[in-house]
Amino acid sequence: MQNALKTNLLSGLSTGPLAAKPAWQPQANWQWPNIRQNINEGAVALLICDAYPYFGFKAEATGGYKVYINGELYSAYSSGAKCSFALADLEEISTPYNISYPAAHKAYIIEIRPQTAPAITKLICDYHLAPGEQQAALWLHFQTGKYPVNISYIGSYFLSGIRQAAWNNTLKAITAKDNALKVSSCTHPWPYFETQTLPVLDISSCTASFSPSGCICGIASSFTLKGTALNKSNMNFAGAFYQSSSISQTLERVLLNNVDTSAVKNWSQTHQNSPKLKLLPSYDFMAAEDMSSFLTNAINLQDTYLDLSYAHNLKILGIYGTATNRIDGLKGLKVSSLAPFSSSALQINVRYTGLDHNALRILFESLPQVSAAQTIDITGALGAEDLIEADLSIATAKGWTVIY
């Protein structure tokens, strides 16, 4: 049964080389200029507009960087220094582009070029005067090629873990040379963007943290992650593909291209609130400890049989829906008989799923023996009402409390 469960989970998933897709283009009626045209190798370009009054960023490159506005040199900066300006002042420097999307605005191309280094190595868009301040980036393009870029907090300024400013919530596209962005660090890079496209995220050179919490909010139907971080122990998938209810929830599929997740411990909220998700990627949960709210409200999930019998360190698991947003695609689930399930919160939550009578029995049979009154909640599961005392006793005899 274990092999059948794992085979069914992995069927139809792509993990090998992926075909190149056409470069993203803005719609003609948006009247956006092409920021990829004539961009220098190693540079980063932004299309910004006057939807908000100020714009600012910090860039890093050995030897400093230069900023060009609509192709004309604006100023030079030391590495890590901040560049900021009022949009009203730019019209005195350069003729703006008149665009029509997301509304009628004056727009400018900002190109950030390294002065002596081969490429920009870090960018943070963070003009911050007050908490919650916003600024208007529309399109972000990386021409950095083979050189890794630190994109941690690229879209927002953080202080003590709290998002403070520069939400860049107008961003519609993030593109890269050859549709692949090689990163050196990736922690909460672009939260709450209504981004229509993202490049393949290549983490094979990631030596620092890989913790892309909330990075896939509001994008198109698929996203591809490539490679394995050089320090696998720094990989963290908590909230990685969380779909905020405050923006479009469009993600249907995450593709993994040679990504090893066997060292990832934190899977909390990885696919929380994912109504469009159809398939789970081919994750390796070998080191998983926290899978609280791992997958929720996935009403379009295709038939999935999830085998976690090898996840011996698992402390908490949540794959659940609601009475109105069921996960009927979850058809089978096994856990490890060695897992501690020692979380102080509800240890296993499979409410409102497609687990039928037989699937629930199989889940009960896989449960470990416990002694701390651990609880499993199967309320609203497809087969919950069909269980009889003999079925429930499979779990209760091992020390579990069953809510149904």
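Numbers at a glance
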quantity: The chain: calculated mean residue ellipticity at 222 nm from DSSP helix runs of at least 4, using -39500 (n - 2.57); calculated: -2000 deg cm²/dmol
quantity: Whole-Å distance, taken between Cα centres, linking the stretch 353-404 and the stretch 84-107; calculated: 61
quantity: Fewest-first sequence of Lys177, Lys232, Lys182 by Cβ atoms within 10 Å of each Cβ; calculated: Lys232, Lys177, Lys182
quantity: Extreme residue, positive dipole direction of the stretch 262-404, given options Ser309, Ser393, Tyr404 (C-beta unit charges); calculated: Ser309
quantity: Residue with peak Gaussian network fluctuation, the chain [Cα springs, cutoff 10 Å], from Cys125, Cys83, Cys206; calculated: Cys83
quantity: Residue-span extension gain [Gln27 to Ser75] - 0.36 nm each, minus C-alpha spacing; calculated: 14.1 nm
quantity: Amide H within-cut-off set for Asn169, under 5 Å, with H built and near neighbours excluded; calculated: Gln135
quantity: Extension gain from Ala103 to Asp260, taking 0.36 nm per residue of separation minus the Cα-Cα distance; calculated: 52.3 nm
quantity: Most fluctuating residue given options Leu181, Leu279, Leu338, as computed from a GNM of the chain linking Cα atoms under 10 Å; calculated: Leu338
quantity: Residues with amide H under 5 Å from that of Thr401, placed H, sequence gap 5 or more; calculated: Gln374, Thr375, Ile376
quantity: Ascending count of other beta-carbon atoms within 10 Å, so fewest first, for Met235, Met286; calculated: Met286, Met235
quantity: HN-Hα J in Hz across the stretch 338-347 - Karplus 6.51, -1.76, 1.60, θ = phi - 60°, x for Gly and Pro; calculated: 9, 5, x, 6, 9, 5, 7, 8, 3, 6
quantity: Electrostatic dipole magnitude of the stretch 277-404 [Cβ: Lys, Arg +1; Asp, Glu -1; Cα centre; debye, to 20]; calculated: 180
quantity: Amide hydrogen neighbours beyond the local backbone of Tyr54, cut-off 5 Å, H modeled; calculated: Leu87
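Every number here is computed from the coordinates shown, using simple stated rules; none is lab data. Worth saying up front: this structure is predicted, and the values here are computed from it rather than measured. When we count neighbours, we look across all protein chains shown, and the Cβ atoms used for this are built from the backbone with ideal geometry, even at glycine.
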